[in-house]
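Report on the structure given below.
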Amino acid sequence: MEPEILSTHTAALFDYAVQRAAERLRAGQLVALPTETVYGLAANAWDDLAVRRIFEAKGRPAENPVIVHVAGVELARASVAEWPAVAAELAAAHWPGPLTMVLPRAERIPLSVTAGGPTVGVRWPSHPFIQAVIRACGFPLAAPSANRSNQLSPTNAEHVRKGLGRRAPLIIDGGQSQIGIESTVVDLTVSPPRILRPGMIELPGAQGHPGSKGHLRSPGLMPKHYAPRARLVLWEWKNEQELAAKAAAAAVARAKIHVIAHTHIPLHEKFGRVAVIPDDAEAYARALYAELHQCDETGAELIVVEALPPGEKWRGIADRLKRAS
Ligand code: TXA
Ligand code: MG
């Protein structure tokens with residue numbers, strides 16, 4: 001059976017989709033739905049069995065915890081055992097939005113959500129659809145990105161359909177994700193707070209993420225993650241000749257090389273595809289995954305991404321590209 005895709009672009013369609021999604025979620029079933037970062041594969045976060053279905057559908061290892069999505073500070077506080085001042089401050093500054101806070105888990109959150117650990121990640125997303133569903137349900141939604149484990153996150157409904165197929169029987173189409181890369185994850189159980197996964201929200205007071213050393217606080221920090229099928233490299237070039245010379249040295253047919261550029265755009269070389277994303281971090285984040293999905297679909301063997309400009313704004317994007325390469 002083909003997955004059902006519901007649109008939300010009129011008020012009536014939106015309300016109908018909210019009802020249908022809430023019905024399934026109340027019954028312990030999964031729904032793929034839009035958030036402003038990437039699409040999520042959601043289940044009732046209070047329901048252990050429902051959460052296990054997420055792991056099955058994604059082929060996700062049980063030791064990787066899932067984020068709990070709320071629609072209001074009250075539900076967030078019901079999901080955690082402690083609500084320190086720093087959480088209240090960050091929530092006031094960045095919620096609803098692309099920020100996940102890791103805090104001690106409330107008893108009520110099943111261990112399947114936290115991968116057996118003592119902490120839980122909570123986020124209040126800004127996308128109107130997921131907020132409406134959470135309010136209709138009255139319970140929070142456990143939701144990882146709506147892709148098979150270790151594949152690219154989806155930023156539209158079509159990506160979800162192609163990636164999960166029948167594993168996501170109901171997909172809500174809420175348009176293109178506005179942010180485009182996954183939320184910033186910050187651990188508030190340590191002092192100072194520590195960034196486990198950089199994103200589009202910068203947190204000046206927090207420590208950078210621990211990189212490869214030490215033990216793995218966030219399994220999403222596994223070095224290879226968020227990866228397209230093709231090999232991905234980050235190159236710098238000053239002009240087309242330099243890019244052409246580098247491409248010639250790679251043992252890949254020119255037509256199988258896809259280029260993602262932002263500043264030095266190749267105009268004459270016959271690459272398989274040349275995608276141009278604006279030299280602006282927010283626009284770049286919004287477009288990046290769709291471009292990578294497109295490279296996969298059109299048979300790229302080598303994806304050449306133009307090295308990013310420097311600066312804090314680019315940190316989340318640089319992190320994803322590093323993991324993809
Ligand atoms: O933007 C997002 O965060 C999207 C949307 C759907 O909200 N979700 C998402 O979920 O990216 P997922 O499961 O693909 O990535 C969540 C990341 C993983 O790296 C996971 O290990 C980490 O957050 N995480 C979740 N709970 C955690 C916890 N209690 N402690 C440490 N890391 C945690
Ligand atoms: Mg993911």
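The values are calculated or read from the model by the stated rules, or taken from the named source; none is laboratory data. Note that the coordinates shown come from a computational prediction; the quantities given were computed from them, not determined experimentally. Glycine gets a Cβ as well: all are built from the backbone with ideal geometry, and neighbour counts include every protein chain shown. Heavy atoms of the whole protein, side chains included, go into the accessibility calculation; ligands, DNA and RNA do not. Shrake-Rupley method; radii C 1.70, N 1.55, O 1.52, S 1.80 Å.
Worth a mention:
- Filtered by the rule that a residue be under 17 Å from Phe139 (Cβ atoms) and either among the polar types (S, T, N, Q) or within 11 Å of ligand 1 (Cβ to nearest atom) (or both), the range 94-110 gives Arg105, Ile109.
- Residues that are without any contact (Cβ under 8 Å) to a residue 60 or more places away in the chain and either assigned to a loop (DSSP other than H, G, I, E, B) or of a type in the set (Asp, Glu) (or both), drawn from the range 100-117: Ala106, Glu107, Gly116, Gly117
- Screening Leu25 with (1) of a type in the set (A, V, I, L, M, F, W, C); (2) part of a strand (DSSP E or B); (3) surrounded by 24 or more Cβ atoms within 10 Å (Cβ to Cβ) gives one miss only, at (2).
- Residue that is surrounded by fewer than 24 Cβ atoms within 10 Å (Cβ to Cβ), within 15 Å of ligand 2 (Cβ to nearest atom), at pLDDT 95 or above and not hydrophobic (A, V, I, L, M, F, W, C), where the choices are Gly40, Gly59: Gly59
- Flag if Gly211 is at pLDDT below 95, out of contact with any Asp or Glu (no Cβ under 6 Å at 6 or more places or on another chain), within 21 Å of Pro98 (Cβ to Cβ) and not basic (Lys, Arg): no
- Residues satisfying the stated conditions in the range 256-277, i.e. free of Cβ contacts under 8 Å to residues at least 40 places away in the same chain, open to solvent by 70 Å² or more (accessible area, probe 1.4 Å) and of a type outside the set (Val, Ile, Thr): Leu267, His268, Lys270
- Qualifying residue in the range 295-317 (condition: touching a strand residue (DSSP E or B) at 6+ places or on another chain (Cβ under 8 Å), at pLDDT 95 or above, in a helix (DSSP H, G or I) and open to solvent by 10 Å² or more (accessible area, probe 1.4 Å)): no
- Filter result for His69 (surrounded by fewer than 22 Cβ atoms within 10 Å (Cβ to Cβ), under 18 Å from the mean Cα position of the chain (by Cα) and in contact (Cβ under 8 Å) with a residue 40 or more places away in the chain): no
- When the range 182-193 is filtered for residues that are more than 16 Å from the chain's Cα centre (by Cα) and surrounded by 15 or more Cβ atoms within 10 Å (Cβ to Cβ), the ones remaining, listed by number, are Asp187, Leu188, Thr189, Pro193.
- Of all residues making up the range 111-129, the number that are within 20 Å of Arg52 (Cα to Cα), of a type in the set (A, V, I, L, M, F, W, C) and either surrounded by 19 or more Cβ atoms within 10 Å (Cβ to Cβ) or more than 10 Å from ligand 1 (Cβ to nearest atom) (or both): 4
- Residues satisfying the stated conditions in the range 214-231, i.e. out of contact with any helix residue (DSSP H, G or I) (no Cβ under 9 Å at 6 or more places or on another chain), modelled with pLDDT under 60 and either open to solvent by 40 Å² or more (accessible area, probe 1.4 Å) or in a strand (DSSP E or B) (or both): Gly214, His215, Leu216, Arg217
- Failed criterion for Glu82 (all others in (1) farther than 21 Å from Val18 by Cβ; (2) open to solvent by 20 Å² or more (accessible area, probe 1.4 Å); (3) in contact (Cβ under 8 Å) with a residue 40 or more places away in the chain hold): (3)
- Pro98 vs. criteria within 16 Å of ligand 2 (Cβ to nearest atom), open to solvent by less than 40 Å² (accessible area, probe 1.4 Å) and at pLDDT 95 or above: yes
- Ile181 β-branched (Val, Ile, Thr), touching a residue at least 12 places away in the same chain (Cβ under 8 Å) and touching a strand residue (DSSP E or B) at 6+ places or on another chain (Cβ under 6 Å): no
Yes/no matrix, rows are residues, columns are (1) modelled with pLDDT of 95 or more; (2) crowded, with 19+ Cβ neighbours inside 10 Å; (3) among the β-branched types (Val, Ile, Thr); (4) more than 15 Å from ligand 1 (Cβ to nearest atom):
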| site | (1), (2), (3), (4) |
| --- | --- |
| Ser153 | yes, yes, no, no |
| Gly174 | yes, yes, no, no |
| Gly180 | yes, yes, no, no |
| Ile195 | yes, yes, yes, no |
| Met200 | yes, yes, no, no |
| Val233 | yes, no, yes, yes |
